[in-house]
Each structure stands twice: as structure tokens, then as C-alpha cells.
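See structure below.
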Amino acid sequence: MASTSFALPSLQLQFPSHKSSSSRKNSSSHRVIRASVSERPPFISPPPVKPAKLPIRKVPGDYGLPLVGPLKDRLDYFYNQGKNEFFKSRIQKHQSTVFRTNMPPGPFISFNPNVVVLLDGKSFPILFDVTKVEKKDLFTGTFMPSTELTGGYRVLSYLDPSEPNHAKLKKLMFYHLSSRRHEVIPEFHNSYSELFETLENELATKGKAGLNAANDQAAFNFLARSLYGVNPLDTKLGADGPKLIGKWVLFQLHPLLILGLPKVLEDLVMHTFRLPPALVKKDYQRLYNFFYENSTSVLDEAERIGISREEACHNLLFATCFNSFGGIKILFPNMLKWIGRAGAKLHSQLAQEIRSVIKSNSGKITMAAMEKMPLMKSVVYESLRIEPPVASQYGRAKRDMIIESHDASFEIKEGELLYGFQPFATKDPKIFHRSEEFVADRFIGEEGEKLLKHVLWSNGSETENPSINNKQCAGKDFVVLVSRLLLVELFLRYDSFEIEVGASPLGASITLTSLKRASF
């Protein structure tokens, strides 16, 4: 399949099939233009200054006694400290952003929870380098959910690029996104106009409106309409999609979640033993039937490139429901949390920029128009930086290697499991000024754009592109696009909004208390 893309200066939705990231870099490099003055001697650049070698330090920390150490770390992670304090306290204890610990769930779900943790922006990117780390069966970390939850198949997210099916399945995802690219903007408008009408009606009758459930339904409707050409409300699935997905995802991620049950009960039920996949078999079958019936052209393409229709459908379901739907479910409320907290001044600036550009574009929302909205684009990137929708990444060392933090070098042995908690890497104060703050215009201008290489939410740098040779999210640019569309639709319709923020097992729980209709 030939490469296709949405031709835009900075947001290119690329779905390559055969070119690696490095080959694209080489092909797009700029020609060097030289001017010379004959009477002047040639300029001889000074020899490069070699950076001082960082001291090699033994990776600090230990794993504790078998069973006892992993259990203590699990209780600290979930209950005694919480995620952020869990990592902060160990950074302080070891005086290092690289150290050893155990990652949940531990006994009796994962029997080897030992990891080397990477918590700074310099060491973290090693997790994306598939020449140095293996990604096989590490999508959810130190345990892998039963393949009974995915039709008996190891789906794309769990495959390493060295496995033959990885390239085929990723090509299929690129093909699918490319073949439906013209439907994304209009169907987003349709689905999220319905969302805003629902929220307005609820606000009018109750004085407040819950965003999350309405966003879940809008997100599923949008994905079904744009990527599969069908309105789920007109099928046997009806409005049940989000509920079925939520149940199915719970059975995969329960070892990593806090639901708010009594601590002892929750740790025993959710974090100690696997929930039986049979309990969601019928729910999963309903989802599978929906995707199989509405994916004919993509399944035809799958057979053409050597993937069975059944395996392809399980992968489409996972990519749509777990990756895409799950990403929107977490990202959109988180974005609105940060933007809502930023207040009316930012809202006014966004509304003015968005409306001005759309007006000059004959009232049409297009990708080219959105490229002319620097503040809106920066706000999306800042949301992805400060609270990435997927916080954890894993990789197993393929060989002995040296990993560098800002302060030291560390020897890593072949086979050791590396873990990165991304919010610490993307809030590294040695990279980002005011790193803990939401800075709306952080990525505007030449200097701001240089920081994009440190935005890492997609299992890769924002300045890199997904390919069949890496593990970067196949829908990276799709996620950025729909995030931009949310802000455009929101501020074309409203001048400002107010929210209340609560906790949720996945992301933030948002209640809207005010929606101020556009004043023009």
C-alpha cells in the first residue's frame, strides 16, 4: 500500500506502509544552500566539544523479599501513597530518577513485577527505541490480560515490531484510517453537536450536566459513523456500545485500577486474582458482531494482505474500542478540566482565534484552517503533555546497555524490564519551564515548537511518525485531529464554560455547571 497523508504543514495524518521513520527523515531533509566570497578564506568550524561523560552509578533500590516486597509496593502505589507520591518518595529516597521497584499488580497476577523505573525526560525515550527494547506482551505492563478477551488472538498492541504480524496489522490500521479520512470532520461535527444539545438540555433542567457519560456515547457514535459508516443507534447494538466496552475494558485493566471499594475488598478482588473472561463473553460477542457486519471493505483488505477476517475484526474492535474510544474517554474530560480551570481569559482568546479563522475560511472547519490556530494547537499539545492519556510505558532490554538520566549513567542488563511513568518525564523541570503548570501558549512560536519532541503521549515523540517498524500509536495524528476538533466545535458554540472536577477510575470526572452561549 502506498503512503497517504493529509497534506498539511504540521499536522500530517500519515499512514505509511513501508517507509521507516529514518527513511522519511532522510527523504525530507533540507538542501544546504551555501554562499561563498572568493577573497575570503574558507570558514573552518571548531572541533565539536565532547560532552562530559556522566558518572556510572549502580541503579539504586531493591525489590524486597519475595511476595512481601511486591505486596508492600502495590499497597503503597494504590492506597498508602498513591501514584504520584509513590514515585516522588522514591526519587527523594534514592536521589535518582532511575531506580528499582515493583510495579502492580504483583502476586498473584504477575509473578515478576520487578522493574527499573525511568522518571525523567532524558532516560524515558529509550522505551520507544525498538532496536534496544522489546515490546512483546508489554502493553499493560507486568501482566498480560487473557487472550480470551480478544478472541484468542494477541492483538497489535501486544506485538513487537519483530513479529511478522505486526507489520501486516499496522498496515491495515493505516489503510483503515486513510480510507475513511474524509468522514472524520463532518461526523465529528454531527456527533458532538448532539452532545452539546444533550448537555444544554440537562443544564436547563437540572442546573448541571455530567460530561463523561454523554462524551462516551458521542465518542462511540462518532467512531462508528466516521470509521465504519454506520450509526450504532440504528443497529442491534443501539446505545449499548459504551457500556459493553466499559465492562470489557474493566476485565482487562482491573489489576491496575482503583474503583473506590473498601481497600481490603478491592485489593483482594481487583488486584490479586484475574476476573473470569467468561463473564463478558456475550458482551464481547455483541461488539464483535457489530464490527464484523460493518467492516466489509477493511476485512477484504485484510485478506488481501494475508490476515484472516476473524483476526482482523478482533484487531479492529480493539483499536476502535480500547485505543481510540478509550483515548477519547480519558483525554476529552482531562482537556476540559485544564481548560476549564484556566478560566474565561483563555476561553475568550481561544474563541476569538477559532472564530476569526473559520470566518475567513467561509465558515468551514478544515484541517488547513485549524493549522492557522496556534493557540488552539498549543492548548491541545499542552493537555497531552501535562496529563497524557496513557501514563505508562514498558520495554524489555534486548541487550546490556547504558541508560542516561540528567545526572548519571546506569548499566542495564539484558532482559531487565524498564518502566516509565510518563507524567514525570513530560513534567521534567530540566526540560519544561513551569513544568507543573498548564501553560496554554507553551508550544507557540519557534522555541515552543522545539519542545514538541518532548511531548510523548503516543508511545513516541510528537515530532516522529508512526510506522510499521515502531510502536508509536497508529492513530497518533487522528487523536490530535479530534482533540482540535473538540476545541473548535466548543468555542464556535460557547464563549466560556464552568466545571466541577471529581475523581474517576480513568481520567477526570467532569460536571458542567455553566455553558455561556456565543455572544455573536
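The values are calculated or read from the model by the stated rules, or taken from the named source; none is laboratory data. Computed from a predicted structure; not experimentally measured. Every residue, glycine as well, gets a Cβ built from its backbone with ideal geometry; the counts of neighbours run over all protein chains shown. The area values use the complete protein model at the heavy-atom level, side chains included, leaving out ligands, DNA and RNA. Shrake-Rupley method; radii C 1.70, N 1.55, O 1.52, S 1.80 Å.
Is it fair to say Lys25 is at pLDDT below 95, within 30 Å of the chain's Cα centre (by Cα) and of a type outside the set (A, V, I, L, M)? Yes: the conditions hold for Lys25.
Determine whether the stretch 166-180 contains at least one residue that is farther than 23 Å from His314 by Cα and surrounded by fewer than 16 Cβ atoms within 10 Å (Cβ to Cβ). Looking through the stretch 166-180, none of the residues is farther than 23 Å from His314 by Cα and surrounded by fewer than 16 Cβ atoms within 10 Å (Cβ to Cβ). Looking at Thr131, Thr142, just one residue is in contact with a Phe, Trp or Tyr (Cβ under 8 Å, 6 or more places away or on another chain), modelled with pLDDT of 95 or more and in a loop (DSSP other than H, G, I, E, B), and that residue is Thr142.
Considering each residue of the stretch 38-54 in turn, none proves to be at pLDDT below 50, closer than 30 Å to Ala368 by Cβ and of a type outside the set (A, V, I, L, M, F, W, C). The set of residues in the stretch 122-138 that are open to solvent by 10 Å² or more (accessible area, probe 1.4 Å) and under 20 Å from Glu464 (Cα atoms) comprises Lys122, Pro125, Ile126, Phe128, Asp129, Val130, Thr131, Lys132, Glu134, Lys135. Give all pairs with beta carbons closer than 7 Å in which a residue from the stretch 185-204 that is free of Cβ contacts under 8 Å to residues at least 24 places away in the same chain meets a residue that is assigned to a helix (DSSP H, G or I) and surrounded by 15 or more Cβ atoms within 10 Å (Cβ to Cβ); count only pairs at least 6 apart in sequence or on separate chains. Every condition considered, the pairs that remain are Leu195/Ala214; Leu195/Asn215; Leu195/Ala218; Thr198/Ala214. Go through the stretch 442-456 and count every residue that is over 14 Å from Pro388 (Cα atoms), among the hydrophobic types (A, V, I, L, M, F, W, C) and either in a loop (DSSP other than H, G, I, E, B) or in contact with a His (Cβ under 7 Å, 6 or more places away or on another chain) (or both). Adding up the residues that qualify gives 2.
Of everything in the stretch 215-253 that is of a type in the set (Val, Ile, Thr) and in a helix (DSSP H, G or I), the residue that is least open to solvent (accessible area, probe 1.4 Å) is Ile245.
In the list Leu331, Leu346, Leu375, Leu418, which residue meets the criterion of being in contact (Cβ under 8 Å) with a residue 40 or more places away in the chain and touching a strand residue (DSSP E or B) at 6+ places or on another chain (Cβ under 6 Å)?
After ruling out the rest, the residue left standing is Leu418.
Pairs are defined by a Cβ separation below 6 Å, a sequence spacing of at least 6 or placement on different chains, a first member in the stretch 209-220 that is free of Cβ contacts under 8 Å to residues at least 60 places away in the same chain, and a second member that is open to solvent by 30 Å² or more (accessible area, probe 1.4 Å) and not small (Gly, Ala, Ser); the pairs so defined are Ala214/Thr198. Listed by position, the strands (runs of 3 or more DSSP E) contained in the stretch 358-441 that have at least 1 residues being within 25 Å of Asp137 (Cα to Cα), open to solvent by 50 Å² or more (accessible area, probe 1.4 Å) and modelled with pLDDT of 95 or more are 392-397, 401-404, 409-412.
Is it true that some residue in the stretch 471-488 is under 22 Å from Ser123 (Cβ atoms) and open to solvent by 10 Å² or more (accessible area, probe 1.4 Å)? Yes: one or more hits. The condition of being modelled with pLDDT of 95 or more, closer than 30 Å to Thr513 by Cβ and touching a helix residue (DSSP H, G or I) at 6+ places or on another chain (Cβ under 7 Å) does not hold for Pro277. In the stretch 331-349 there is at least one residue matching the filter, namely being open to solvent by less than 30 Å² (accessible area, probe 1.4 Å), under 26 Å from Ser157 (Cβ atoms) and among the aliphatic types (A, V, I, L, M). Of the residues making up the stretch 491-520, just one is assigned to a helix (DSSP H, G or I) and either β-branched (Val, Ile, Thr) or open to solvent by less than 10 Å² (accessible area, probe 1.4 Å) (or both), namely Phe491. Pairing each residue of the stretch 228-245 that is more than 10 Å from Phe290 (Cβ to Cβ) with any residue that is of a type in the set (Lys, Arg), provided the two are 6+ apart or on different chains, yields C-beta distances under 7 Å for Asn231/Arg225.
Scan the stretch 273-319 for residues that are touching a residue at least 24 places away in the same chain (Cβ under 8 Å), open to solvent by 10 Å² or more (accessible area, probe 1.4 Å) and of a type in the set (Val, Ile, Thr) and jot them down. The answer is Ile305, and nothing else.
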